[in-house]
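S.K.: Before we start, here is the structure in question, set down as structure tokens.
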2 protein chains.
Amino acid sequence: MQPDISKIARLVAEPARANMLLALMSGKALTATELSIEAGVTAQTASTHLKKLVDGDLLIERKQGRHKYFQLHDYEVAQLLEGLLTIAADTQRTEVFTGPKEPRMRFARVCYDHLAGEIAVDLYHSLVKNNFLIDARGTTLLTDSGENLFGMFGVDFQQLAQKKRPICKTCLDWSERRSHLAGGLGKWILDEVLSKGWARRESSSRSLYFSNSGLVAFKSKYKLA
Amino acid sequence: MQPDISKIARLVAEPARANMLLALMSGKALTATELSIEAGVTAQTASTHLKKLVDGDLLIERKQGRHKYFQLHDYEVAQLLEGLLTIAADTQRTEVFTGPKEPRMRFARVCYDHLAGEIAVDLYHSLVKNNFLIDARGTTLLTDSGENLFGMFGVDFQQLAQKKRPICKTCLDWSERRSHLAGGLGKWILDEVLSKGWARRESSSRSLYFSNSGLVAFKSKYKLA
DNA sequence: CTGAAGCTTCGACCCAGGTCGAAGCATAGG
DNA sequence: CCTATGCTTCGACCTGGGTCGAAGCTTCAG
């Protein structure tokens, strides 16, 4: 028997649940009520949806006092959603482009735990251009000088190497249709952007808001135009 | 506005359609009738399903005489399905392992246009071990000696490089849960296996049937135990 | 032309499952 | 205690959409 992919797909097939999952692509854990608002349904309805998502192992729940927090189960789930976004952006191109744009979302956003959007694509290609990364048509490796550079920035490769997760991984950007950097290093970069206060995140949205000085600092650190 | 991923997911969420899509993971183009049998529904029902899949840009149709052939629209679609399979195999582990096994499917099968299953995982790790491939925790590159080796085998890298598709790409094997080789090179390897008659494919199944001599030839060529 | 095979359209049936109101539990904080 | 907030369960409603029989349309083989 093959595993039943329709069961998994069915979980995503409901608009309310899909909205919840997309909201969780921000990487944050959200409460049931927040997710119900995100999905545009009542708390009761959200509750049944969330139960299904947890039962289907797409989400993890964590009880905290009288709140219940939910997050994506896995990086694999985030990858699945990104894959769906890519195809959806492809086939619904016209609607997306003619619809109300969210320029900020297009410019910089969070993709699960790393940076995405125009600026992430720029970063990626700058790293490749300066020979810190090798991009062999869709596949990515950190060069020695890249390891050097990020080592000076304070990345602890020993620690990263211990996790199962690849250090470099490309993720196809659904808005830009070009690669950006995911993986452990991608996460590190986003973490730094947030911890240094170069950008902040608004509520539960995936959009990232760079401050002027933060954007300058980021661009100069990574030698972006 | 975000692209609507629930629309795409809904297309896969119907068991009949999911079965059709999985059948097409064999990489072959199949007729409407073949797919209706694969899905276990009547021709009428299959027809409406196929229309939806084509409208949703998951499939491409090609009319040939009084037959209509269907195939996956894109490698992206195949990737999406493999992602779903991975998660499904994960969460339905018990059912899969206790259910009726298909040992041949597990040993060798086609994944869209490249080799998958136990033997593909073995191949991948042998190539890494012998330094023809570099596997940096999930990301893959062909080494110079690897390019050399496959060059001697007759791979035309000039030609492969012209396609948009990456030459090496890893694909997580849903039965083995380890990497195997996809991408242009993965396709080349499968093509050779079939053209040299080392293995044959049964009807529309994804399983691959190696002959004894074919298996020996394959293993010796790639130095597998 | 006739018949058969492949595919599609139409119509009617049927049901899984999404939705919300109302009520029920649990936790936090006086 | 009591009350407010967060979440869940129950029940009733309703609709989207999957299913097949029947009939129609096209292409191929004589």
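The values are calculated or read from the model by the stated rules, or taken from the named source; none is laboratory data. Small disclaimer: the values here were computed from a predicted structure and weren't measured. Heads up, the Cβs are rebuilt from the backbone with ideal geometry, glycines too, and the neighbour counts pull from every protein chain shown. In case anyone asks, the SASA skips ligands and DNA or RNA and just uses the protein heavy atoms, side chains included. Shrake-Rupley method; radii C 1.70, N 1.55, O 1.52, S 1.80 Å.
S.K.: Can you pull out every residue in region B:62-83 that is assigned to a strand (DSSP E or B) and within 14 Å of another protein chain (Cβ to nearest Cβ)?
M.R.: Once the filter is applied, which keeps residues that are assigned to a strand (DSSP E or B) and within 14 Å of another protein chain (Cβ to nearest Cβ), region B:62-83 yields only B:LEU72.
S.K.: Related question: Among the residues of region A:1-41, which ones are within 12 Å of DNA strand C (Cβ to nearest atom), assigned to a loop (DSSP other than H, G, I, E, B) and small (Gly, Ala, Ser)?
M.R.: A:GLY40
S.K.: I'm trying to understand the selection: among the residues of region B:1-13, which are in contact with a Ser or Thr (Cβ under 8 Å, 6 or more places away or on another chain) and surrounded by fewer than 21 Cβ atoms within 10 Å (Cβ to Cβ)?
M.R.: B:ALA13
S.K.: Taking region B:14-36, which residues are polar (S, T, N, Q), open to solvent by less than 50 Å² (accessible area, probe 1.4 Å) and within 12 Å of DNA strand D (Cβ to nearest atom)?
M.R.: Let us first name the residues in region B:14-36 that are polar (S, T, N, Q), namely B:19, B:26, B:31, B:33, B:36.
Still in the running and open to solvent by less than 50 Å² (accessible area, probe 1.4 Å): B:26, B:31, B:36.
Of everything in region B:14-36, just one residue is polar (S, T, N, Q), open to solvent by less than 50 Å² (accessible area, probe 1.4 Å) and within 12 Å of DNA strand D (Cβ to nearest atom), namely B:SER36.
S.K.: If I ask for residues that are more than 12 Å from DNA strand D (Cβ to nearest atom), touching a residue at least 24 places away in the same chain (Cβ under 8 Å), surrounded by fewer than 18 Cβ atoms within 10 Å (Cβ to Cβ) and not small (Gly, Ala, Ser), which ones from region A:37-73 would you list?
M.R.: A:GLN71
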